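Some notes on the structure that comes next.
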Amino acid sequence: METITNKTLEKLKYELVRDGIVEYDTLEKAEELANVQRINIGQALINSGVLAEDTLLKFLESKLHIPYVNLEDYTPDPKCFKFVSFPDARRYKIIPLFKIEDVLTVAMSDPLDLFAIDKIIETAECSIEPVISSENSIMKKIDEYYKVADTVDSITLSAEEAESFDWTDELHKEEAGEEHIQRVIRAILKQAIIEDIHELNFEQVEEGLKVVFKANGEVYDKGTVPAILNSAFVSKLKTLSNLDASVCEIPQLGKLCFKVENTMLIASVSSFPTIMGERISLKIYKPPQHLDKIIPDEKSRAIISHALDTPGIVLVCGSPLSGKTHIIYSLLMEAATTGKNIMTIESIAKYELKGVNQCELNENIGFNMDKALRYVEFQSPDMIYLEGVKTRDAFEFLSELFYNDKVVLTEFMANNMTDLRQKLAFEDFQSFKSLISCLIFIHSKDSIEVFDKTTLQKYLA
């Protein structure tokens, strides 16, 4: 992986020495650190405490005669986001601020990156006026504002429309362009919501992009996006999901935000390369509810509350798409009121939970489950949610957490209680099985069974 550079700092780094801001030896050490950590030299100087970010930004302002803008108290014009796509904004660390006549003012951490400026000029089709801002503040604003600005339009539902709704009606309207593609995506999501579908896939076939709904182990062909629209459709869907639309050779994972009535829903979006082209899978997650809405039985909730307050493993089981993650998030919400240090390790955070330290894995920078497991204990968590524990090492790690007085939440796939009993009968699960303090089994949306440690051990014996 190549080192991330900042052309502005590369050009002016020796000016820092000449102006007495840093020592030459310090600059050399910062360059070595930047190479090792794959960051730019400015970030290396700031991270090591040699240089304050404000000092560096004012130095660049004076040398380049380009104004510095503090983005902390600045609100960009959302109408300008159409000139710079989300992937380009993140790649070049650039965010549009406002446009006056034919000039677009953008905040950049690297204003001498002429390639980035040329790229933005090409896509925006107007002149660019750069200002200097900190890299961290730019990335923060990108994540904050693009998430709001680049989402699917709100979906409204009505009983009359639901009976005959077909997303292909939107597809066949005589329109072209990016807005039409976005309305087609919206229509597909709307049909999925109407039919209570939580997983939908887009598969490359000769005719185009086949739309497939999945429910209760069955797949349903819902039509095809014509081949002529394939590229535009996939690109728009990936952009809406904060994925890099220019990359198709490697898997990517992102999330799509969209509103149904007044409720914001989240879908995890996974792209995967195949010999026919990219296959894209969406899984829709509903917002977590308070536990008493899901499990009305007071005795069952008392078992759960005791388990959340006692070292051990709280295991949520059910078939695929049964709502395991939905219940996990409700448990985390319940526990967050206690003031404990609660941490999660997830492929993607479905919803932001107040009072919970949520952590997303990122394979692109080598932050995988193995690394997360090795370092999370340094954070001294009281409770940990580990998503999708499947390896022997992970199960052994769960045991270690128990012996260190941690509460662990995780899920396990089983189609029914017999299936669960057969799976946990394997020797690899013997230690893990003995540490389960509470089992929550989802038979269906309206049937959830809760076992305490004593009852469960008798059942699994």
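Out of the residues in the range 242-252 that are modelled with pLDDT under 90 and within 18 Å of residue 143 (Cβ to Cβ), state the one that is surrounded by the most Cβ atoms within 10 Å (Cβ to Cβ).
Only one residue tops the list, namely 243.
Please state which one of 405, 452 is surrounded by 14 or more Cβ atoms within 10 Å (Cβ to Cβ), over 25 Å from residue 253 (Cα atoms), assigned by TED's automatic domain parsing to the domain that holds residue 328 and among the charged types (D, E, K, R).
452
One line per residue, one yes/no per condition, for (1) hydrophobic (A, V, I, L, M, F, W, C); (2) out of contact with any Asp or Glu (no Cβ under 7 Å at 6 or more places or on another chain); (3) not in a strand (DSSP E or B):
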position: 175; (1), (2), (3): no, yes, yes
position: 186; (1), (2), (3): no, no, yes
position: 211; (1), (2), (3): yes, yes, no
position: 214; (1), (2), (3): no, no, no
position: 223; (1), (2), (3): no, yes, no
position: 229; (1), (2), (3): yes, yes, yes
position: 246; (1), (2), (3): no, yes, yes
position: 256; (1), (2), (3): yes, yes, no
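From 414, 425, which residue is over 30 Å from residue 247 (Cβ atoms), among the small types (Gly, Ala, Ser), surrounded by 19 or more Cβ atoms within 10 Å (Cβ to Cβ) and outside the structural domain of residue 257 (by TED's automatic domain parsing)?
414
Residues that are among the aromatic types (Phe, Trp, Tyr): find the helices (runs of 4 or more DSSP H) completely inside the range 1-108 holding 2 or more of those.
The helices (runs of 4 or more DSSP H) meeting that bar are 86-92.
Within the range 113-132, which residues are outside any strand (DSSP E or B) and over 18 Å from residue 7 (Cβ atoms)?
122, 123, 124, 125, 126
Just wondering, is there one or more residues in the range 365-372 that are outside the structural domain of residue 256 (by TED's automatic domain parsing) and closer than 15 Å to residue 406 by Cα?
Scanning the range 365-372 turns up no residue that is outside the structural domain of residue 256 (by TED's automatic domain parsing) and closer than 15 Å to residue 406 by Cα.
Is it true that some residue in the range 73-93 is hydroxyl-bearing (Ser, Thr, Tyr), surrounded by 15 or more Cβ atoms within 10 Å (Cβ to Cβ) and touching a strand residue (DSSP E or B) at 6+ places or on another chain (Cβ under 6 Å)?
Looking for residues that are hydroxyl-bearing (Ser, Thr, Tyr), surrounded by 15 or more Cβ atoms within 10 Å (Cβ to Cβ) and touching a strand residue (DSSP E or B) at 6+ places or on another chain (Cβ under 6 Å), one finds none in the range 73-93, hence no.
The values are calculated or read from the model by the stated rules, or taken from the named source; none is laboratory data. All figures in this text were calculated on a predicted structure; none of them were measured in a lab. Note that each Cβ is placed from the backbone with ideal geometry, even for glycine, and that neighbours are counted across all protein chains shown.
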